[in-house]
Structures are given as C-alpha cells and as structure tokens.
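The structure under discussion appears below in the form of structure tokens.
The values are calculated or read from the model by the stated rules, or taken from the named source; none is laboratory data. Just so we're clear, the structure is a prediction, and the values are computed from it rather than from any experiment. Note that each Cβ is placed from the backbone with ideal geometry, even for glycine, and that neighbours are counted across all protein chains shown.
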Amino acid sequence: MAERLSAREAIALLTDDFTDDVTVEVTGEVTVEVTGDGTSDGPADGPLGWEGYDASHALAAARTGESESVVHGTAVVDGQRCVLVAFEFGFLGGSLGRRTGDRLVAAYRRARECRLPLVSLVATGGSRMQEGMVALTQLQRVAAETVALREAAVPHVAVLRDPATGGGWATVGAGADVVLALPSAQIGFAGSRVRPPDADPAAYTAEGQWAAGHVDTLVPGLELRAAVGRWLRLLTGGGPRLAAAPVGPPPALAEVSAPATGWEAVALARAPERPRAGAYLDAYVEGRAEIRGDRCGGVDPGMRCGFGWYEGRVVAYAAQGGTPTRPAGYRTAARLVRLADRLGIPVLTLVDTPGAANDAEAERAGAGPAIAEVFAAIAAARVPVTSLLIGEGGSGGALALAAAGNTWATPDSYFSVIAPELAAAILKRPPEQAPATADQLRLRPQDLVELGVVRGIVPRRA
C-alpha cells in the first residue's frame, strides 16, 4: 500500500507555492459562505437529515484542519502555474458531497477562466452516503465541467494517490487528459469493501491499472514535482500560432541509398539492423513524456505515443515500432491525435508496421473499428500532421497513421497495398515470384513519390 499523505502533505510534495482559494464558493446560482468549522446554512444533518452527519462533519474538520474533503487554489509546480485540487482522505474518506462538488466546480471554472492547466491530486473513497443521491449527482457536475474544460483547450493532469476509488476516480481521475499514479496506490471504481470476495486484488492497484492502459505513468512521490512540471510544459506548449505550420519530417538515420528493385526495398525495410522508431525518437524528440493505453483495457507495446520537443516546439508523436499494430495501439494513437488537436499541438507520426495484427484476439478486440478510429482522428485533425515512413508500410494498418498529402519516406522503406508474398499467393503464383510481384506493386520510395503517395524521400542525417 502506498503512503497515505494528507492533502497538505501532497501539496507540499508537489508544489513550489500554493495559495488557498476556498473562502467563497458557488452552488448553482447561490453563493455559500464557508465558516470556520466548514459548515454552511442548510438543513440539519445534511439533505437527507442523516442523524449525526453534522457531528461527523465537525469531527472531521477538527481532526484534519480542513472544512471539506477537497482543497483547491492556485499553485506553481516546477515553475509552472496551475490550478490545483487536492483531496483530503482523512475528511470522511475524501468523499464527494454537495460542498465537495461546489469546490470542484469552482476549481474547474477558475482553470478555464484563467486558462491555467488543472492538476488534481485524487484520494477518495467515492460519493458520500450521508448525502445520498445529492452526493452522487456531483459526478454529473464534474462531468459537465470536464467537458467545458476540454472545449476551452485547458489541459488536466490527474495524480492518483491512495486510495482513488469510486466516482472520484471515474470522473476527476479518469476524466483527465493525462493520468499519473503513485506506485502501490489502490485504484479502482470498486472500493475495497464492495468488491467480489474472489476478485483479483492486483486489478485494483496502480500497477494493475497501468498494465491495463488506464494509467499513463507510475511516478514515485519524490519524482512527482518534476514529472507534473514536465507534463504542464508540454501540454501548454501548443496553440493556434504554433500549430499553424506542420513540422518537417526528420532526416533518415540509415546510410543507404534508394533501392534498385521492389524486392530490395522490402529487404531494406525488413533488415533487423534498420533504425526503428525508438532511434528516431531518441535522435530528434527531446524531453519526451508518453501516454499509455487505449483507456479500454488494452496496451500495445509496439505503439509509442506522447509529447516532446522537436524543431524548437512541442510536438505530439505516434510511432509504430515495426510490429503488427494491435487494436489498442490504434486507439491509443487516436487518443493522442485528438488530445493534440484540442490543445493546438502539431503531430508527427512514424509509420512502420508489416500490417495490422490479424489474429483472432485482434479481431475480438475490434481491429476494424480501431483502425477506423485513427483514420478518422487524423482526417479530422485541425492541427497539421506530418508522417514519415521509416520501414514497412503494410497496407491499411500502416496507412491509418499516414497524413494525406504530407507523408514522406526514408530510403529504407516501402509502402504496399499488400505484402508481395501475400499478393503472389492471392494471384496463385509460386513463392519464387514474390520478388517480381514486388516490382509490379511499385512499392519503392521513388515509386511512391512518382505515384503521388508520398511527397519525397528524406535525405540522410548530416
């Protein structure tokens, strides 16, 4: 189990400076003045008249020094200004009640109105039973503010502490653009007391959620300030002016010339020693931070997506690693493109796959819909997308990541409607006819330029 920090301890761990902002809040159209003990005008024992609720509330305030389960204000994290929300688990389990909702709404709105990124330090057991459905409907309020924040192109980074469960995880946490988690933290929609008795406990941990693609990065507490600061710099590094022009394609890394034949092009692209996406990212994209997973329970290790600095500005990247791309990979890439588009950050894709994964598991996971999703995300992007073919371009599984009208190729790459061996088999040709079929497919980089499929062949790195 992760160390349980109070809201103030978590704030101190993360921030350079913090200014509290909880003296006046808004509930609908009614301004609520917060008193010293955290109470406000309203029915005794809350909206349900739950006997003893006022006393429990007062005891929680005395024990924690807080007037509610959420603290919010403006902060500086690693030099970056933001609006900060921190849950106090010691206050009635960090649960969400009406007043908690007021504070969350106030924080989201302040972030939107001031155009400051929102950072949420989540530690909650869920909705407050003593307020019944009034408490649960706070999730709808948070969801509405999440939508408004996204429409205003204001980024949201969530840090999951211990525990992060129930509606707080399902709205504030999982609704963020980037989700970080402290190692060993308990994370899950179902809290520890309401799970099936035979449930696998590993599924409810930060590590389990990371493995399933619901958490982007596990960050130890001492590294949290630098990690959040890096994300804030990257996610606020876009905008209409910077996204107006596409980034240029990276130069080729391999010292090879354009192939003489189609089969030579295939051999160059399949060479084990050929530079892969990792080499291109290391050579050209600095200060990277990666997102992970499709938020549907899937992770494709062969697809790397994230943000970094390239050509002096922030760029979002989606890079295939040379393996058959799985549905989770396409959905993660689509998630990346949509986020970059919303924040005004140009996109760079590195295309390299023999094709989409075609096993039964991939079909059950929705290979077709996932490919359609990334096609649509790139087609709908308002920010410029630049694509570089760095290896194999196997059919629609590769084309899905290629920008129409702004795709380039390296000399050691090829793009084909189908692999030459498969084309020969479909045409009922013997296997030895695959090289000749490769020539007929006109899949060499120079053929692709002539056909208008790619804009040009990038030169080698100087």
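Annotations
- Taken together, the residues in segment 57-74 that are farther than 17 Å from residue 107 by Cα and buried (at least 16 other Cβ atoms within 10 Å of the Cβ) amount to 4.
- Options 323, 349, 332: the member that is polar (S, T, N, Q) and either in contact with an Asp or Glu (Cβ under 6 Å, 6 or more places away or on another chain) or closer than 25 Å to residue 203 by Cα (or both): 332
- Unique residue being of a type outside the set (Phe, Trp, Tyr) and buried (at least 16 other Cβ atoms within 10 Å of the Cβ) when the list is 199, 158: 158
- Considering (1) closer than 23 Å to residue 290 by Cα; (2) surrounded by fewer than 20 Cβ atoms within 10 Å (Cβ to Cβ); (3) without any contact (Cβ under 8 Å) to a residue 60 or more places away in the chain, the lone condition that residue 402 does not fulfil carries the number (2).
- Condition met for residue 197 (out of contact with any helix residue (DSSP H, G or I) (no Cβ under 9 Å at 6 or more places or on another chain) and in the same structural domain as residue 170 (by TED's automatic domain parsing)): yes
- Tally, over segment 171-196, of residues that are of a type in the set (A, V, I, L, M, F, W, C), surrounded by 20 or more Cβ atoms within 10 Å (Cβ to Cβ) and over 14 Å from residue 123 (Cα atoms): 2
- Among the conditions (1) of a type in the set (Val, Ile, Thr); (2) surrounded by fewer than 16 Cβ atoms within 10 Å (Cβ to Cβ); (3) at pLDDT 95 or above, the only one that residue 77 does not satisfy is (2).
- Of all residues making up segment 437-462, the number that are in a loop (DSSP other than H, G, I, E, B) and of a type in the set (D, E, K, R): 4
- Being buried (at least 24 other Cβ atoms within 10 Å of the Cβ) and either touching a residue at least 12 places away in the same chain (Cβ under 8 Å) or assigned by TED's automatic domain parsing to the domain that holds residue 286 (or both) is a property that residue 383 lacks.
- Residues of segment 144-174 that turn out to be small (Gly, Ala, Ser) and farther than 19 Å from residue 215 by Cα, as a count: 4
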